[in-house]
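These notes concern the structure reproduced below.
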Amino acid sequence: MKALAPSRLLAGLLWLSSLLAFDDLHSAVRAGDVERVRALLLSGASVNARDSLGGTALHDAAWAGDLEMADLLLDAHADPNAAHSEGGSSPLHYAILTNHFAVARRLLERGANPRQRYRSGSTALHLAASRGHTDLAALLLDRGVPVNLTDNAGSTPLDEAAWRGHADTVRLLLKRGANPKVSSAATGSTPLHEAAVKGHYDVVLLLLEAGADLHAKDLSGSTPLDEAIHHQHTRVVDLLIRRGAKIAGSTGSEGLKQMEQAVLRGQPEIVTLLLDRGANASARTANGSTLLHDAALKGHRDIAVLLLDHGAHANCLNSAGATPLHDAALAGQVSTATLLLDRRATVDALDHDGATPLHLAASWGRLGVVELLLARGADPKRKNRAGHTPLDLAVTANQAEVIARLTASPGEKP
């Protein structure tokens, strides 16, 4: 094997020694070994060398909140704006993430750029707001960071604080001029939408007092009230309504949509609140149904009770001429069907096709409803407009249990 020339061998050894020093520098910083770090720097270790993940030693010191170490590295000309190779985060971002105020302040004093962004376009102020680090947010604002900066998704620091429910940070940002009406270019959501989604009552209140738009719609057409209803945040729903958010009276498409959503999702507390605030229990939905039909179809008996108690009629008709009992029969909702019958629903009501609830229950194999309807006097021999009885439909659909029940002798168990 040919021997390496002395000069090449020396260069290789120096290169290897340098690499080891770099690795040793990061290890010493992470260990908090100030004397070892000082010795390595004096021996020539590069203060801005990257570890295997792409960070510098100053990133490590910032993450650990080690002010003495940060001072040592900065005195050795560590770059306070070095961007991590993976995410683009600076040492300042690391200090903000880990809530190390003293290190963050020192980095700013030594030239860290408070407006520097990392990969998502977020700034240090976005990070401080999202984590509720109010003192750090104030520090950054004092350094001139614009309060309404947006990241790549169009979110502001106020959006971040509102989404996570950091009321103190929201209060600070609003005091410093954050715009509560600004909407995200990506979603159309405002900070009030964000707080309503998560049910952060205190934040919603702060935003409303700062002039947030109650009726703002995101790109999907949802208002903050829609979001609060969808996520079942009753206190926030009540607050928004008391502050003027629109709900249904005898008319109003916005309020009707909110009621319909609450009924379909089975949200009795929200339904109660909306009804108490003037929503119309007998309102007809866009598809020609009624709220009571929706509750019957979904089997939300408690909501059906609320609607009936607020004036909905047990025999109201949808666009197909069917009653809520037809829908309960179709879906096999025995408990809701029982309620409707107890509230004087007509057992043999006819829809536009001449079908009774028993026709629908038989066709779909809803044995429990079939037995209930028969017990309440439904006529098993009644024919629909096509001339078919419930038994005919059960046979066509091969509903064996229903067939057995409809062909059983009186008093005989199938």
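Could you pull out every one of the aspartates and glutamates with an alpha carbon less than 20 Å from that of residue 381, ignoring same-chain neighbours closer than 8 positions?
Of all the aspartates and glutamates, those that pass the test against residue 381 - Cα under 20 Å, at least 8 places apart if same chain - are 348, 351, 353, 371, 392, 401, 412.
For the range 44-180, what D do you get in µm² per second when you plug the Kirkwood radius from alpha-carbon pairs into Stokes-Einstein at 20 °C and 1.002 mPa s?
Translational diffusion coefficient: 144 µm²/s.
What Kirkwood hydrodynamic radius do you get for the range 17-100 when you take the inverse of the mean 1/r over all pairs of distinct Cα atoms, in Å?
Here the Kirkwood hydrodynamic radius works out to 12.3 Å.
Explain nothing, just compute: Karplus ³J(HN,Hα) = 6.51 cos²θ - 1.76 cosθ + 1.60, θ = phi - 60°, for every residue of the range 216-227 in order, whole Hz, x for Gly and Pro.
Computed from phi, the couplings for the range 216-227 are 4, 10, 7, 5, 8, x, 8, 9, x, 5, 4, 5 Hz.
Choose one answer from 90, 335, 184: the residue with the largest mean-square fluctuation in a GNM of the chain with alpha-carbon springs under 10 Å.
In this elastic network of the chain, the residue with the biggest mean-square fluctuation among 90, 335, 184 is 335.
Of 388, 352, which has the most accessible area with a 1.4 Å probe, and how do the rest follow in descending order?
Accessible-area ranking of 388, 352, largest first: 352, 388.
For the chain, just the Cα atoms, rotate onto the principal axes and tell me the three extents in Å, largest first.
109, 66, 29
When all protein chains stay in place, what accessible area (Å², nearest 10, 1.4 Å probe) is found for residue 366?
Surface open to solvent at residue 366 totals about 80 Å².
As I understand it, the value is the acute angle between the Cα axis of helix 253-264 and the longest principal axis of the Cα atoms of the chain; what does it come to in degrees, rounded to 10?
Once rounded, one gets 80 degrees.
Need the list of aspartates and glutamates near residue 181 for cross-linking: C-alpha distance under 18 angstrom, and skip anything on the same chain fewer than eight residues off.
The reachable aspartates and glutamates, counting only those whose Cα sits under 18 Å from residue 181, are 151, 159, 160, 194, 202, 209, 213, 218, 226, 227.
For the range 301-348 and the range 33-76, write down the distance between their C-alpha centroids in whole Å.
73 Å
The values are calculated or read from the model by the stated rules, or taken from the named source; none is laboratory data. The model shown is predicted, which means the values in this text are computed figures rather than measured ones. Just the protein is used for accessible areas: all its heavy atoms, side chains included, with ligands, DNA and RNA removed. Shrake-Rupley method; radii C 1.70, N 1.55, O 1.52, S 1.80 Å.
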